[in-house]
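One structure is given below, encoded as structure tokens.
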């Protein structure tokens with residue numbers, strides 16, 4: 001059985017933005033503030049470093065209930081660290097092959113930022129993907145290769161296709177507490193710098209949850 005996933009406020013970690021505070025402490029504060037899912041991402045880390053970081057975040061989450069832990073890209077690390085799932089992009093391993101490696105009891109997220117990418121996602125065998133990351137909503141310096149922002153309307157249109165197929169959706173890209181209410185038609189939002197770079201990650205998470213409470217994202 002796959003773990004439960006509440007994608008309402010999905011945190012993607014950034015080791016550089018975390019700085020001396022460290023990713024685990026930011027995750028601890030963010031979850032206390034209302035983060036519901038965490039993805040460990042560090043493009044510069046070695047596999048061993050990413051494994052150690054994932055274990056540290058998993059330890060932080062051990063005392064929480066229902067916060068799913070994803071690893072970005074690295075299927076091997078996700079399996080070895082006992083994460084709940086993995087999130088892959090369009091240039092990573094093929095989703096069907098990743099699902100075969102993960103087996104039936106872990107979550108798989110996939111990024112989709114165009115009609116063609118969404119069509120390819122929806123053409124996959126049922127049960128391959130659990131959650132689709134749609135974006136970027138707005139251009140963002142934390143992922144400069146993500147392309148031009150789709151805007152809230154573009155994200156909502158793509159998300160509607162995924163949701164019609166029974167998939168969960170999260171919007172990502174340039175979202176903060178001031179913009180969160182503009183993002184509609186998705187099951188949740190992904191943030192990076194809005195929490196990882198915040199002076200008080202817990203307060204930042206609470207502000208985002210408050211903003212999402214006024215938006216039609218559920």
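Each value in this text was obtained by applying a stated rule to the coordinates, not by laboratory testing. Every value quoted in this text rests on a predicted model; they were computed, and no experiment measured them. For neighbour counting, all protein chains shown are included, and Cβ atoms are generated from backbone atoms with ideal geometry for every residue, glycine included.
With springs only between Cα atoms under 10 Å, which of 156, 181, 116 fluctuates most in a Gaussian network model of the chain?
Sorting by GNM fluctuation, first place goes to 116.
Sort 190, 196 so that the residue with the fewest other Cβ atoms within 10 Å of its own Cβ comes first and the one with the most comes last. Show your work: numbers first, answer last.
On the way: 190 27, 196 24.
Fewest-to-most Cβ neighbours within 10 Å comes out as 196, 190.
Could you work out the relative contact order of the chain, using alpha carbon pairs under 8 angstrom and six or more residues apart, expressed as a whole percent?
That works out to 23 percent.
Among 55, 110, which comes first, then next, by fewest other beta-carbon atoms within 10 Å?
55, 110
Regarding the chain, what whole-number volume in Å³ per residue does the convex hull of its Cα atoms give?
107
Taking R0 as 30 Å, what's the FRET efficiency between residue 139 and residue 62 from their Cβ-Cβ distance, rounded to 0.05?
For residue 139 and residue 62, the calculated efficiency is 0.25.
Can you give the helix-only mean residue ellipticity at 222 nm for the chain, where every DSSP H stretch with n ≥ 4 adds -39500 (n - 2.57) and the sum goes over all residues, rounded to the nearest 500 deg cm²/dmol?
-11000 deg cm²/dmol
If I model a spin label as a point 7 Å beyond the Cα along the Cα-Cβ vector, how far apart are those points for residue 4 and residue 80 in nm?
Spacing of the two 7 Å Cα→Cβ label points: 3.1 nm.
Which percent, to the nearest 5, of DSSP beta bridges fully inside the chain are antiparallel?
Counting only bridges with both partners in the chain, antiparallel ones make up about 0 percent.
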